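Undergrad: The structure is given below, and queries will be raised subsequently.
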Amino acid sequence: MSILRSRPVLRWLVPAAAGVAVIGGGAAIGTFAAEAEPSLPPRTAAQLLVDLQTSRLEGLSGTVVQRADLGLPPLVGLVPGNDLTTLLTGTHTLRVWYSGPERQRVALLDTLGEQDVIRNGRDLWTWESRSNTARHRNLGEAGTAGKPGGAGTAGKPGHAATPSLPATPQEAADLALGAIDPSTEVSVGRSATVAGRDAYELVLQPRDSGSLVHQLRIAIDAQQHVPLRFEVLAKGSDQPAFEMAFTQVDYRRPDADQFAFNPPPGVAVTEETAERPSAGRPAQATRGADPQVRTVGDGWATVLVARLDGAPGKAAAGKPAGATPDADLSKLLGGLPAVRGDWGSGRLLTGKLFSVLLTDDGRVLAGAVTPERLYQVARG
C-alpha cells in the first residue's frame, strides 16, 4: 500500500492528459548543474518519509526539466499519432503552477509552441498553440470522486481520460514511493542543492537482482518537504537513465489569472462531457474486449503478461487490437531483433530500465527486468 495514500497534499499535477502531450525540443541544457553539498541536520529515511506524508503546500510555481536516456532504438516516427514516444528520449521543459487542489496548470514547452492543461475549479481545459485547438470539460458532479480532494483524499487530482507519464518530481516520487514494500531497501543519500534549495536525498534500491533498476533517488526540500528532483539509475551506470528536476521553484501561491483560460481568437473549442471514457483507457479499448492481462512475480521483478485480442500472431502481424489506423507497428517490430528459445519465438525491445518481449503467438511480456526473466516467464 502506498505510504502516501492518505497524504493531504502534493499529488497536485493537473489531470494526466498533460503527460501525453508532445514536448519535443525543451531546455537547452545538457545536465542538471551540480552544486556543493549543503550541511544539513541528520535525518533518517523514516523521518524523511514522515516529512513527505505530513507536508502542507499552499502554492507553488516553477520550471521542471525532464531528461530521458533509456537506451531505446529510434521510436519517434515509427508509430504515427503516438505522442507518448517523444517523451522517451531527449530533454524537455515544463512550467507548473499549483494553487490548491482545484487550481493547477502545466505548460509543456515546444520549440514551435506549447500545450497547456489547466484545472480551474470544475473547468478542465487543454490547449495546443500550434493547431490553435482547445478542449473543455466541466467536471461537474460526475468529476467529484475523481477530482482533487475526492474520495476522502485532499489535494490528489483524479484520473484523466488518458494515461500519463510523471510531469514533475513530485508525481514521479509518488509513483515510486507507492512501490515501497519488503522488496525495497530505503536509505538516505547525500544532501544536495536543487533549484537553489537545500535538500535531503531519499534512496530506494530493489533487493531483487533480476531488476534492471539500480536505484531511485529523490531530493526532498529540507524545509518544504517537496520533491525537487527524481532520478532513476540503471544497473551498471552511475548516470541517470531518467531524471526530472526543478530548475526554478517559488512556493508563493500563484495569481488567480494563471488558471483562467480565455480561448484565443479563432481557436476551435471541443466541448467534452464527463460521460466520456475516463478509466484511463482509449475509447477503442472500452468498445471491444480488453486484452487478457496478468502479472507474474512481485515487487521490482514483476512481469506484465498480456495477450493481444487473444489471437495468435497478433504481435508478429504488427496490428494489435485497439491500434490506431495509422500506427505502422510493423516498421517498429521489423526493426527489433528476432529471438527464439524453448519458450517460442518473437521480437525483443530492450532499454536500460525495461525489457519487452512480443511473441509470435500474440503475447506481450514486459517489466523492469532482464530479457532472461521474460524468457523464463514465457516458458510458463
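The values are calculated or read from the model by the stated rules, or taken from the named source; none is laboratory data. Note that the structure is a prediction, hence the values are computed from the model and not measured. No Cβ is skipped: glycine too gets one built from the backbone with ideal geometry, and neighbour counts run over all protein chains shown. Side chains included, ligands, DNA and RNA excluded: accessible areas come from the protein's heavy atoms. Shrake-Rupley method; radii C 1.70, N 1.55, O 1.52, S 1.80 Å.
Undergrad: Please go through region 46-66 and pick out each residue that is over 29 Å from Asp255 (Cα atoms), at pLDDT below 90 and buried (at least 16 other Cβ atoms within 10 Å of the Cβ).
TA: Leu49
Undergrad: Take the conditions at pLDDT 55 or above, within 30 Å of Gly367 (Cα to Cα), open to solvent by less than 70 Å² (accessible area, probe 1.4 Å) and β-branched (Val, Ile, Thr) and apply them to Thr302. Does it pass?
TA: yes
Undergrad: Okay, next question. Which of the residues spanning region 163-193 are open to solvent by less than 30 Å² (accessible area, probe 1.4 Å), part of a strand (DSSP E or B) and either at pLDDT 95 or above or among the polar types (S, T, N, Q) (or both)?
TA: Within region 163-193, Thr184, Thr193 qualify.
Undergrad: Go through Arg217, Arg252, Arg229 for me and flag whichever is surrounded by fewer than 18 Cβ atoms within 10 Å (Cβ to Cβ) and among the basic types (Lys, Arg).
TA: On the way: Arg217 fails: surrounded by fewer than 18 Cβ atoms within 10 Å (Cβ to Cβ); Arg229 fails: surrounded by fewer than 18 Cβ atoms within 10 Å (Cβ to Cβ).
Residue meeting the stated conditions: Arg252.
Undergrad: Out of everything in region 91-131 that is farther than 22 Å from Gln170 by Cβ and assigned to a strand (DSSP E or B), what residue ends up being modelled with the lowest pLDDT?
TA: The qualifying residue modelled with the lowest pLDDT is Asp110.
Undergrad: Also, I was wondering about something else. Only residues that are in contact with a strand residue (DSSP E or B) (Cβ under 8 Å, 6 or more places away or on another chain) and assigned to a loop (DSSP other than H, G, I, E, B): list them for region 225-252, please.
TA: Taking region 225-252 and keeping what is in contact with a strand residue (DSSP E or B) (Cβ under 8 Å, 6 or more places away or on another chain), we get 226-237, 239-252.
Within region 225-252, Val226, Lys235, Gly236, Ser237, Gln239, Tyr251, Arg252 qualify.
Undergrad: Can you run down the residue pairs with Cβ atoms below 8 Å, 6 or more apart or on separate chains, where the first is in region 182-207 and in contact (Cβ under 8 Å) with a residue 40 or more places away in the chain and the partner is small (Gly, Ala, Ser) and open to solvent by 50 Å² or more (accessible area, probe 1.4 Å)?
TA: Final answer for the pair search is Ser191/Ser39; Thr193/Ala36.
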